[in-house]
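I have placed the structure first, in the form of structure tokens, so that the comments after it can refer back to it.
The values are calculated or read from the model by the stated rules, or taken from the named source; none is laboratory data. Predicted model only: the values in this text are computed from it and were never measured. Cβ coordinates were reconstructed from backbone atoms using ideal geometry, including for glycine residues, and neighbour counts include every protein chain displayed.
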């Protein structure tokens with residue numbers, strides 16, 4: 001699980017400082033405040049790690065010059081991008097790193113060379129113990145190891161690739177629903193950036209016999225679990241997969257009876273289905289970024305979405321916890337209210353949640369909203385969800401003025 005991320009000279013960010021990441025992390029803020037840049041930085045790090053850290057050609061293939069230029073703050077080619085990520089490696093990787101290792105952090109510094117091509121300027125790994133004391137520091141500068149222990153670099157590079165390789169993004173826009181889908185032979189690891197693979201992945205996982213449970217509940221087939229989670233949102237009574245020419249079709253059962261093909265079941269279902277499938281589909285130990293999953297959902301469904309996310313955190317497969325991490329960029333007040341309620345009810349521990357607010361300053365800034373054990377936020381910024389009291393007051397004043405004007409007019413008419 002990722003524990004912190006820090007951005008330097010990434011789009012709107014000059015220096016974000018360490019941003020705490022919990023199993024469930026919510027990012028709120030003004031439009032254009034820099035929230036999406038966090039996901040873009042994680043995606044860039046995953047691309048670099050997937051190609052290799054020390055090969056210049058691989059870096060260019062992972063991040064073309066135009067992509068790097070777009071990421072640099074103010075598109076200033078003299079600035080260097082910095083991305084720092086810390087996480088808890090799994091037990092096998094802890095043993096391979098160094099005795100007592102509990103936390104691994106990587107710091108990547110890259111920019112453009114004089115010819116305008118991407119260049120990795122610096123790379124540092126820090127291995128720390130439970131008390132966050134450094135046990136090992138390994139560095140690479142301009143593609144050349146400063147530490148001569150090549151084996152250590154290989155282990156650290158592999159650990160980083162494994163960690164950021166588990167990053168999955170689902171954006172806010174959706175592919176148009178179709179009447180039928182081909183089912184892949186193997187279960188995909190995600191649903192695609194626009195959710196276009198949600199129904200095929202759901203069918204493939206169900207055919208592969210994947211079974212999930214929530215906490216200590218009974219295990220259920222994959223499609224049955226997704227159907228039940230969607231029903232809790234109040235949009236449909238459930239969904240089912242049926243054979244269709246070329247593969248399968250998804251049918252939505254209405255809450256008041258009847259049924260409809262997925263393509264005719266409404267924007268709300270087509271918006272939330274990929275998020276629901278992704279939350280239970282991605283491999284164990286993954287970090288899933290959801291961007292505005294509440295779009296096209298009414299307030300009650302947005303609140304219920306909070307329960308779906310909690311269920312995904314608690315899901316077990318083959319008797320083992322999935323250890324999923326979910327990062328959500330959202331504007332939904334009902335979603336946050338539901339999370340706070342579940343903390344107050346002791347269904348969710350407050351230390352498993354992080355809520356951040358990006359106010360839209362230039363350069364970008366971020367503030368963690370501190371939450372106590374009852375779900376109360378202790379440092380509410382002004383106007384997080386608009387100034388509700390100002391609207392209530394203005395409405396009352398305007399209504400009183402209109403009533404006064406009407407009475408005055410009636411008095412003149414009577415005279």
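Some notes on this structure:
- Selected residue (only one of 329, 345, 367 is free of Cβ contacts under 8 Å to residues at least 60 places away in the same chain and under 19 Å from residue 37 (Cα atoms)): 367
To keep it simple, each residue is scored yes or no on (1) surrounded by fewer than 21 Cβ atoms within 10 Å (Cβ to Cβ); (2) under 19 Å from the mean Cα position of the chain (by Cα); (3) modelled with pLDDT under 95; (4) within 15 Å of residue 311 (Cα to Cα).
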{"site": "163", "(1), (2), (3), (4)": "no, yes, yes, no"}
{"site": "169", "(1), (2), (3), (4)": "yes, yes, no, no"}
{"site": "180", "(1), (2), (3), (4)": "yes, no, no, no"}
{"site": "183", "(1), (2), (3), (4)": "yes, no, no, no"}
{"site": "202", "(1), (2), (3), (4)": "no, no, no, no"}
{"site": "228", "(1), (2), (3), (4)": "yes, no, no, yes"}
{"site": "231", "(1), (2), (3), (4)": "yes, no, no, yes"}
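- Whenever a residue of the range 225-238 is in contact (Cβ under 8 Å) with a residue 12 or more places away in the chain, its partners that are surrounded by 21 or more Cβ atoms within 10 Å (Cβ to Cβ) and in a loop (DSSP other than H, G, I, E, B), lying with C-beta atoms within less than 9 angstrom and at least six residues away or across chains, give the pairs 227/236; 230/236; 233/297; 235/265; 235/297; 236/265.
- Residue within the range 267-287 that is in contact with a strand residue (DSSP E or B) (Cβ under 9 Å, 6 or more places away or on another chain), more than 24 Å from residue 189 (Cα to Cα) and modelled with pLDDT under 95 present: no
- Residues in the range 79-93 that are more than 24 Å from the chain's Cα centre (by Cα) and modelled with pLDDT under 90 were compared, and the one that is nearest to residue 165 (Cα to Cα) is 93.
- Scan the range 276-298 for residues that are in contact with a helix residue (DSSP H, G or I) (Cβ under 8 Å, 6 or more places away or on another chain) and either buried (at least 21 other Cβ atoms within 10 Å of the Cβ) or assigned to a loop (DSSP other than H, G, I, E, B) (or both) and the total you get is 16.
- Considering 364, 396, the condition of being modelled with pLDDT under 90 and surrounded by 10 or more Cβ atoms within 10 Å (Cβ to Cβ) is satisfied by 396 alone.
- Restricting attention to the range 111-135, the residues that are farther than 21 Å from residue 48 by Cβ, assigned to a loop (DSSP other than H, G, I, E, B) and touching a strand residue (DSSP E or B) at 6+ places or on another chain (Cβ under 9 Å) total 3.
- Condition check for residue 179: over 21 Å from residue 290 (Cα atoms), assigned to a loop (DSSP other than H, G, I, E, B), in contact with a helix residue (DSSP H, G or I) (Cβ under 9 Å, 6 or more places away or on another chain) and touching a residue at least 24 places away in the same chain (Cβ under 8 Å): yes
- Hits in the range 233-243 - residues which are surrounded by fewer than 16 Cβ atoms within 10 Å (Cβ to Cβ) and either under 22 Å from residue 319 (Cβ atoms) or at pLDDT 95 or above (or both): 240, 242, 243
- Residue in the range 249-256 that is in contact with a helix residue (DSSP H, G or I) (Cβ under 7 Å, 6 or more places away or on another chain), in a loop (DSSP other than H, G, I, E, B) and surrounded by fewer than 22 Cβ atoms within 10 Å (Cβ to Cβ) present: no
- Candidate set from the range 307-317 (those that are touching a strand residue (DSSP E or B) at 6+ places or on another chain (Cβ under 9 Å) and outside any strand (DSSP E or B)); member that is farthest from residue 266 (Cα to Cα): 314
- Complete set of residues in the range 195-224 that are free of Cβ contacts under 8 Å to residues at least 60 places away in the same chain, assigned to a helix (DSSP H, G or I) and either touching a strand residue (DSSP E or B) at 6+ places or on another chain (Cβ under 8 Å) or farther than 24 Å from residue 300 by Cβ (or both): 200, 203, 204, 206, 207, 222, 223
- Residue check, residue 335 under 22 Å from residue 280 (Cα atoms), in a loop (DSSP other than H, G, I, E, B) and in contact with a helix residue (DSSP H, G or I) (Cβ under 6 Å, 6 or more places away or on another chain): no
- Test: residue in the range 28-38 that is touching a helix residue (DSSP H, G or I) at 6+ places or on another chain (Cβ under 8 Å), within 24 Å of residue 322 (Cα to Cα) and crowded, with 16+ Cβ neighbours inside 10 Å: no
- Unique residue being in a loop (DSSP other than H, G, I, E, B), touching a helix residue (DSSP H, G or I) at 6+ places or on another chain (Cβ under 8 Å), modelled with pLDDT under 85 and farther than 30 Å from residue 74 by Cα when the list is 189, 96, 101: 101
- Flag if residue 108 is free of Cβ contacts under 8 Å to residues at least 60 places away in the same chain and in contact with a strand residue (DSSP E or B) (Cβ under 7 Å, 6 or more places away or on another chain): no
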